[in-house]
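Novice: One structure, pasted below without further comment.
The values are calculated or read from the model by the stated rules, or taken from the named source; none is laboratory data. Everything numeric in this text was worked out from a predicted model, so none of it was measured. Virtual Cβ from ideal backbone geometry, glycine too; neighbours counted across all protein chains shown. SASA here: full protein model, heavy atoms, side chains in, ligands and nucleic acids out. Shrake-Rupley method; radii C 1.70, N 1.55, O 1.52, S 1.80 Å.
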Amino acid sequence: MIIPYGRHNLSSDDEQAVIKALRSGWLTTGPLVTAFELELGKRFNAPHVAALSNGTAALHAAMFALGIGPGDEVVTPSISFAATANCVAYVGAKPVFAEVDPDTLLVTPETVEQAITPNTRAIIVMDYGGQPCEYDLLASLASKRGVALIADACHSVGAEYKGRPVGSLADVTVFSFHPVKNMTTCEGGAVLTANADWEARIRMFRNHGIDSDFRQREKAVSYDYDMVDLGFNYRLSDLHSALGISQLSKLDSWVEERNRLDSQYNNILADVPWVTPLSDLEERLHARHLKVVRIDSKDASRDRIFHDLRKVGLGVNVHYKPIYLHTYYKKAYGYEPGLCPLAEEAYSKILTLPLFPGLTSQQVEYVCECLIAAGEGHSVFPAAPSGSN
Ligand SMILES: *Cc1c(COP(=O)(O)O)cnc(C)c1O
């Protein structure tokens, strides 16, 4: 791959932070986990934060905290990474898929409302590509129906809605710090909430369901602990947290850089009639996690363009197949094609182009030149700019 679709950004200050943590004596859950949680809470305006081993664990913990289980339904987006719905299946509840707006690929208050039934206990929304959903209306819908609003904000770390940070907009917000996301801890995730009880339940859940952690028992000079619920080992380590603290200090400049690169793509592709970017909504700072365009060329299909670009080393991708079309969801819940026609139509047209801090403007030009050549059905592609890695 010459240019991937997304990529982490590491520098020597990150390395120094990790080495310092490595030499501190704490390898797993120590003081840096707490420090990372405090930093996240400050930055994203969330009173309670629990760091977990990855974003999927954080989603699972959120389901546990809310007490969702068999017989319950949770509304989830039709277009997202599978983990957004898998967390519902983990606790024995049923994911019910909401249609997306074809211009943003976000669920809307209307599509969510259509998926609500008397069994609905929670709504999970996902800020597709880094653009926050319509949180004010979604929050009032959730409270009107007496259900919780959960934000899968794995794409939108660093985004804002009406001047408020993502992380403070839903009852529970989930972040992922996987290397391809907006900032990384290698593997890692977090749950942000204003609810102290949920935070306590999540802390227990990430540590086998045990009511105290090692450091608390050390302090109390006690060996006794009680496993009060069935939990998992979903802890984050001090090494990961050291990297997270260091990365967090650079998040805002990366979001700016992502926005600059995104505008460059739009400027170059503005004259290409068969390429349409997704729409931007008002009153938001978009985190630009993914650069997704819709392809409608008479000379080449989306799949042909995808394969041509992969052949020249461009890590284009497709995010995502509607979750209910995966074999597991058909088998386990009987879902069938046709459930969300707009999501299925979008899935046949979307293409994710490379976008990450550190991508150069020459590389953006090159990606656009190759995309245009592929979409016009040419078989000869421009040469890659020097400095591509
Ligand atoms: C990455 C991602 C997840 C899962 O995060 P991990 O840290 O990889 O477990 C969940 N939902 C969405 C939308 C994601 O993009």
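Novice: For the stretch 78-90: of the residues being near the ligand (Cβ under 10 Å from one of its atoms) and part of a helix (DSSP H, G or I), which is most open to solvent (accessible area, probe 1.4 Å)?
Specialist: Among them, the one singled out is Asn86.
Novice: Taking the conditions exactly as written (more than 10 Å from the ligand (Cβ to nearest atom) and either hydroxyl-bearing (Ser, Thr, Tyr) or touching a Phe, Trp or Tyr at 6+ places or on another chain (Cβ under 6 Å) (or both)), does Val147 satisfy them or not?
Specialist: Against the criterion (more than 10 Å from the ligand (Cβ to nearest atom) and either hydroxyl-bearing (Ser, Thr, Tyr) or touching a Phe, Trp or Tyr at 6+ places or on another chain (Cβ under 6 Å) (or both)), Val147 does not qualify.
Novice: Still on this model: Just to check your reading of the model, which residue among Phe64, Phe81, Phe97 is touching a residue at least 60 places away in the same chain (Cβ under 8 Å) and under 20 Å from Gly146 (Cβ atoms)?
Specialist: After applying the criteria, what remains is Phe64.
Novice: What residue, of Ile210, Ile202, is open to solvent by less than 40 Å² (accessible area, probe 1.4 Å) and within 16 Å of the ligand (Cβ to nearest atom)?
Specialist: Ile202
Novice: Collect the residues in the stretch 352-382 that are of a type in the set (Val, Ile, Thr) and either free of Cβ contacts under 8 Å to residues at least 24 places away in the same chain or over 19 Å from Gly129 (Cα atoms) (or both), keeping them in residue-number order.
Specialist: Across the stretch 352-382, the qualifying residues are Thr360, Ile372, Val380.
Novice: OK, next. With the structure loaded, tell me whether Val166 is of a type in the set (Val, Ile, Thr) and closer than 18 Å to Leu281 by Cβ or whether it fails that test.
Specialist: Judged against the criteria, Val166 is a match.
Novice: Being within 25 Å of Ala139 (Cα to Cα), in contact with a Ser or Thr (Cβ under 9 Å, 6 or more places away or on another chain) and open to solvent by less than 20 Å² (accessible area, probe 1.4 Å) narrows it down to one residue among Gly41, Gly30, Gly55; which is it?
Specialist: Gly55
For every residue, the table says whether it meets (1) touching a helix residue (DSSP H, G or I) at 6+ places or on another chain (Cβ under 9 Å); (2) within 16 Å of the ligand (Cβ to nearest atom); (3) within 30 Å of Val312 (Cα to Cα).
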position: Pro31; (1), (2), (3): yes, no, no
position: Gly55; (1), (2), (3): yes, yes, no
position: Phe64; (1), (2), (3): yes, yes, no
position: Val74; (1), (2), (3): yes, yes, no
position: Gly92; (1), (2), (3): no, no, no
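Novice: Restricting to the stretch 323-350, count the residues that are more than 30 Å from Gln363 (Cα to Cα) and in a loop (DSSP other than H, G, I, E, B).
Specialist: Going through the stretch 323-350 one residue at a time, the tally reaches 8.
Novice: Let me ask you something else. Residue by residue through the stretch 164-181, note down the ones that are more than 8 Å from the ligand (Cβ to nearest atom) and either open to solvent by 10 Å² or more (accessible area, probe 1.4 Å) or not small (Gly, Ala, Ser) (or both).
Specialist: Residues satisfying the conditions are Arg164, Pro165, Val166, Ser168, Leu169, Ala170, Asp171, Val172, Thr173, Phe175, Pro179.
Novice: Given the residues Tyr225, Tyr161, which is the only one that is open to solvent by less than 10 Å² (accessible area, probe 1.4 Å), away from the ligand (no atom under 16 Å from the Cβ) and touching a Lys or Arg at 6+ places or on another chain (Cβ under 9 Å)?
Specialist: Tyr161
Novice: How many of the residues making up the stretch 182-198 are within 15 Å of the ligand (Cβ to nearest atom) and either surrounded by 24 or more Cβ atoms within 10 Å (Cβ to Cβ) or under 18 Å from Asn45 (Cβ atoms) (or both)?
Specialist: 8
Novice: Further, regarding this structure: Quick check on my filter: what residues within the stretch 119-144 are farther than 16 Å from Arg284 by Cα and away from the ligand (no atom under 12 Å from the Cβ)?
Specialist: Asn119, Thr120, Arg121, Ala122, Ile123, Ala139, Ser140, Leu141, Ala142, Ser143, Lys144
Novice: Please determine whether any residue of the stretch 6-14 is within 15 Å of the ligand (Cβ to nearest atom) and out of contact with any helix residue (DSSP H, G or I) (no Cβ under 9 Å at 6 or more places or on another chain).
Specialist: Yes, because at least one residue in the stretch 6-14 is within 15 Å of the ligand (Cβ to nearest atom) and out of contact with any helix residue (DSSP H, G or I) (no Cβ under 9 Å at 6 or more places or on another chain).
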